[in-house]
Every structure is written in structure tokens, then in C-alpha cells.
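Quick note: the coordinates plus some simple rules give every number you see, no bench work behind them. None of the values given here were measured: they were computed from a predicted structure. In this analysis, Cβ positions are derived from the backbone assuming ideal geometry, glycine residues included, and neighbour counts consider all displayed protein chains.
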Amino acid sequence: MGPVSVACRTIKADLHVHTCLSPCAELDMSPLGIVREALRKGLDLIGICDHNSAENVLALKKAGKAEGLMVLGGMEVTSSEEAHILVFFDRDEDLLRFQEVIYAHLAGSNDEKAFGQQVIADEEDGVTGFCDRLLIGATSLPLGEIVETARAMEGESLVIGAHVDREAFSIIGQLGFIPLHLSLDAVEVSPNISAGNAMDRFPDCGKYPLVTGSDAHVPADIGKRFTCFTMEDESVAEIKKALAGKDGRKAVC
Amino acid sequence: MKLKDLVQKFGLEVKAGPEYLDREVTGGYASDLLSDVLAHGEEGSVWITLHIHENIVAVASHKGLSGIILVQGRQPEQSALAKSKEEKIPILVSQLPAFELVGRLYGAGIRGM
């Protein structure tokens with residue numbers, strides 16, 4: 001690792017936050033609600049990743065801008081193997097195109113009574129609609145294809161295996177170990193386990209850069225776990241450099 | 001009972017490993033969490049799953065399972081087929097759903113413990 005660039009600063013980031021669009025998240029995970037809670041917790045950056053949808057990302061970005069919080073737009077995709085991966089993009093156009101592909105491979109419609117409401121909100125917390133797709137379901141896309149789709153977008157993408165220490169809906173839980181040719185930038189461990197314990201228990205955790213995030217579905221959980229990135233700005237390209245430990249950037253969790 | 005007996009008795013489609021069907025099946029295990037199979041699968045067992053990812057082959061090979069039966073007519077991914085050749089793991093396909101297939105295997109004398 002080279003010397004830390006003078007322009008680098010340390011950014012406290014919780015990259016795994018759901019909004020009221022996720023059926024399993026609380027209604028008060030609204031754009032302003034999330035942003036204000038994140039600021040109260042001392043976070044500089046949050047990643048928004050609802051299940052199989054990015055329909056609240058733009059509202060979160062606007063709310064973040066208004067209140068002074070950086071917001072990275074992404075999605076928590078459920079693969080055909082029922083493993084979750086987090087996918088982020090610098091460019092909103094890439095995220096929306098990616099969402100089109102995900103939607104084209106996501107069958108079914110939501111049952112609010114069984115799974116919860118899927119609220120689409122604006123940056124002032126006004127309800128603008130409800131998503132009627134079955135966001136809790138799995139896409140018909142295998143992990144490898146999801147990653148390829150992300151990498152095929154015009155701008156940079158950041159792909160992270162979600163909560164790999166969990167048995168349910170994680171790559172290691174579902175598939176036993178991380179497939180050799182899967183191009184991941186990092187793996188995330190859940191708030192249930194420390195990074196050190198994760199590396200002891202899951203050898204795969206030692207093979208990829210590690211991040212932690214809260215996977216918050218309620219405001220109180222936002223920032224419960226976070227990763228500190230030392231880098232020049234909050235772009236996906238800088239985060240990837242930090243994860244790889246390049247050019248004096250680093251990621252610590 | 002050998003794998004080839006199961007193929008014949010239950011009309012399984014042989015997707016990979018026809019040369020290894022003489023293997024003795026000493027038990028059965030049904031699970032769709034590969035981490036669970038890694039933890040609890042027993043050598044010689046046949047594994048019933050709906051997963052078609054190539055990792056099933058590595059898990060079966062690591063645990064010394066006799067073979068894999070995919071349920072509901074699910075077709076293994078190409079990479080799984082390629083891997084099964086390397087690892088010498090037969091992949092068989094049943095048109096039945098898992099519950100039904102496991103019941104019939106049990107009826108044929110295969111045990112899970």
C-alpha cells in the first residue's frame with residue numbers, strides 16, 4: 001500500500017440500508033427518515049439497496065443532497081440460487097437499466113398482507129405509489145449472470161456478496177462456498193458476527209475484501225455496523241480502490 | 001442398492017457420469033442449502049436437491065457422495081456438467097418433486113440415518 005493521498009479522508013459508510021420499498025422494512029424507513037437517522041449516527045455515506053428494486057434510490061439521493069449525506073444507489077438482488085448480492089452503480093442510468101433487467105426476470109406480484117407494503121416515496125417523504133412486483137421473490141438469474149449484467153453497464157459497478165455469514169439467502173449458505181469465477185469486489189458480513197470471527201469461521205471471507213453493513217430494515221438499526229473507507233470521494237471507483245487497498249486508499253471494518 | 005438400480009426403478013435421466021452408476025448408494029440426504037450438505041452429508045449417500053449450480057458437484061465430491069438427483073426435471077447448468085466430468089460425480093434427473101421422490105426412495109429401502 002502506498003502513502004495516503006493528501007486528498008483522502010475517512011468516510012464512515014453503512015452500505016446496506018433498506019427503505020420502505022422493501023416489503024420487510026418499516027414504513028418509517030422513508031427518505032428523510034433514513035437520511036436524518038444516518039446523520040444522527042455520524043455516517044457520511046449510506047448505500048441504498050432494496051430487494052430487487054431501486055425505485056426509491058433517486059428520492060434518497062435528493063433527500064441526502066438536501067440534508068448533507070452522501071447516498072450510493074444500489075439494489076440487493078436475489079439470484080436464482082436464492083443468494084443475495086448487493087450491486088451499486090455510480091450512474092443512475094446504469095442502475096435504472098440494471099433494474100429493467102432484474103424486473104424482466106422477476107415473476108409474481110406482491111401480497112401486502114403476507115409480505116408487507118412496498119412504498120415508493122419522494123424526497124420529502126410523500127407517498128407517490130406502491131410497487132406491485134413480488135420484490136421478496138427470487139429472480140430467474142443465476143449469480144454469474146447478475147454480475148455479468150452489472151459489469152456490462154457503461155459505468156463502474158460495485159458487487160458485494162451480502163451477509164455471507166448467514167445461513168439464509170447468502171452465497172455461502174446457499175452454495176456452500178463462493179464460486180471460483182464469480183467476480184466480487186467484496187463480501188459483506190452481517191451485524192451478527194465480527195470481521196475476525198467471520199474470517200475464522202468462513203475461509204472464503206479471507207479471500208475477498210470484507211465490509212460490514214447494518215442491513216437495516218428499521219431506523220434504529222441504521223449505522224449499527226459500518227465500514228470506514230479512506231478515499232478521495234464516495235464514488236464506486238474510489239470504493240473499489242479502497243477495497244483493493246490501492247493508491248493509499250483503504251477499507252476497514 | 002446401486003445408482004443404476006435407482007435409474008431403472010425411478011426412470012431417472014442420466015445427465016452426467018454414466019460410467020459411475022455401479023456405485024453403491026448407502027443412504028440418502030435431501031437439502032437445498034449446500035452449506036448444510038457440507039456439514040451433514042454422509043459418504044456414499046445420494047443427494048436430492050433442486051440446485052443446478054456447479055457448486056453441487058464440488059460439495060458432492062468433497063463429501064464423497066455417491067451421486068446427485070435433481071428434482072422436478074431441473075436441468076444442471078453447463079458448468080455443472082463440465083465439473084461433474086472432472087469430479088466423477090453422476091448427475092441424475094427425476095421429474096418428480098422432492099417430497100415424492102424421497103418418499104419413493106425410502107420405500108425402496110434407502111435411509112437417511
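Summary table
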{"item": "Anisotropy class of segment A:57-155 from Cα gyration tensor, a/c 1.5 cut", "result": "oblate"}
{"item": "30 Å Cα-Cα reach of B:Lys85 towards lysines, excluding residues that sit fewer than 8 places from it in its own chain", "result": "A:Lys207, B:Lys2, B:Lys4, B:Lys9, B:Lys15, B:Lys63"}
{"item": "GNM top mover of B:Ser94, B:Ser31, B:Ser45 - chain B, alpha-carbon springs below 10 Å", "result": "B:Ser31"}
{"item": "Gyration tensor (Cα) of segment B:17-113, equivalent ellipsoid semi-axes in angstrom", "result": "18, 15, 13"}
{"item": "GNM flexibility winner over chain A from A:Asp200, A:Asp50, A:Asp185 (Cα, springs under 10 Å)", "result": "A:Asp200"}
{"item": "DSSP-loop GluC sites (Glu not before Pro) across segment A:1-64, with at most 12 other Cβ within 10 angstrom", "result": "none"}
{"item": "Sparse-neighbourhood loop sites, GluC sites (Glu not before Pro) in segment A:84-174 - DSSP loop, at most 11 other Cβ within 10 angstrom", "result": "A:Glu154"}
{"item": "Surrounding net charge for A:Ser157, when Lys and Arg each add one and Asp and Glu each subtract one, Cβ distance under 12 Å", "result": "-2"}
{"item": "Sorted by Cβ neighbour density within 10 Å, fewest at the top, the residues A:Thr230, B:Thr49", "result": "A:Thr230, B:Thr49"}
{"item": "Nearby aspartates and glutamates by direct alpha-carbon distance to A:Lys62 (threshold 13 angstrom, same-chain neighbours under 8 apart not counted)", "result": "A:Asp92, A:Asp122, A:Glu123, A:Glu124, A:Asp125"}
{"item": "Alpha-carbon centroids, segment A:128-192 and segment A:46-106: separation in whole Å", "result": "12 Å"}
{"item": "Nearest-20 debye value, chain A charge dipole, Cβ charges on Lys, Arg, Asp, Glu", "result": "840 debye"}
{"item": "Exposure proxy ranking, count of Cβ atoms within 10 Å, fewest first, for A:His16, A:His181, B:His53", "result": "A:His181, B:His53, A:His16"}
{"item": "Relative exposure of B:Glu19, B:Glu54, judged by other C-beta atoms within 10 Å (fewest first)", "result": "B:Glu19, B:Glu54"}
{"item": "Average Cα contact separation per residue, segment A:63-103, under 8 Å, 6 or more apart, as relative contact order %", "result": "30 percent"}
{"item": "Local net charge near B:Ala30, Cβ-Cβ under 15 Å (Lys/Arg +1, Asp/Glu -1)", "result": "0"}
{"item": "Dipole moment magnitude, nearest 20 debye, segment A:131-228 about Cα centre, only Lys, Arg, Asp, Glu C-beta charged", "result": "220 debye"}
{"item": "Spatial extent of the protein assembly as shown: Rg and Dmax, with the Cα atoms as the point set, Å", "result": "22.4, 72"}
{"item": "Of A:Lys41/A:Lys246; A:Lys12/A:Lys224; A:Lys12/A:Lys250; A:Lys65/A:Lys240; A:Lys12/A:Lys240, those spanning more than 18 Å from alpha-carbon to alpha-carbon", "result": "A:Lys41/A:Lys246; A:Lys65/A:Lys240"}
{"item": "For A:Ile11, net neighbour charge (Lys/Arg +1, Asp/Glu -1) across residues whose Cβ lies under 13 Å away", "result": "-1"}
